[in-house]
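Everything below concerns the one structure shown next.
Every number here is computed from the coordinates shown, using simple stated rules; none is lab data. None of these values were measured; they are calculated from a predicted model. Note that each Cβ is placed from the backbone with ideal geometry, even for glycine, and that neighbours are counted across all protein chains shown.
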Amino acid sequence: MELAGMSLLGEVVADDRARIAFGKVGVRKDDRFAVAVGEDGTIVLTPLVSIPKRELLVWDNQQLRESLARGLAQSAHGETVGLGDFTQFVDGRDEAE
């Protein structure tokens with residue numbers, strides 16, 4: 001079996017509950033994958049990373065993403081301005097609720 005850019009690492013057998021262990025190829029606990037099945041039965045797993053829905057706007061908005069990157073770079077270089085204590089505005093609720 002040949003797939004472009006992939007190499008065969010071995011053979012696995014499903015257990016009595018149809019599960020397959022992938023630890024030998026580097027998969028770890030809580031890793032996530034998109035699963036695609038071809039017409040010929042080929043199964044392809046693509047690694048995924050999940051993010052909270054409230055953070056999706058950063059990935060959907062390039063201008064916001066660039067602004068955030070600039071702010072993080074400025075902070076890393078010590079280019080910050082103290083604006084005081086903002087705890088008076090905290091009411092214990094998450095804005096996304």
* **Nearest-0.05 FRET efficiency for Leu8 and Thr80, computed from C-beta distance (R0 41 Å)** => 0.20
* Note the angle between two axes, namely the Cα long axis of helix 62-76 and the longest principal axis of the Cα atoms of the chain, as a number of degrees from 0 to 90, rounded to the nearest 10. => 70
* Structure fact -> With the chain reduced to its Cα atoms and the Debye formula applied, log10 I(q)/I(0) at q = 0.11, 0.12, 0.20, 0.25 1/Å amounts to -0.68, -0.75, -1.21, -1.43
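Which order results if Val35, Val81, Val58 are arranged by neighbouring Cβ count within 10 Å, fewest first?
Working: Val35 9, Val81 5, Val58 14.
Ranking Val35, Val81, Val58 by Cβ neighbours within 10 Å, fewest first, gives Val81, Val35, Val58.
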* Leu48: net charge of surrounding residues, Cβ under 10 Å, Lys/Arg +1, Asp/Glu -1, itself excluded? -> 0
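In debye, nearest 20, what is the charge dipole magnitude of the chain about its Cα centre with +1 on Lys and Arg Cβ and -1 on Asp and Glu Cβ, if you could check? Provide the component values of the computation, followed by the final result.
Numbers: 11 positive and 17 negative charges, 40 e Å.
My answer is approximately 200 debye.
Given a cut-off of under 8 Å on Cα pairs at least six residues apart, what relative contact order in percent is computed for the range 1-81?
On the way: 35 pairs, mean separation 10.5, N = 81.
For the range 1-81, the relative contact order is 13 percent.
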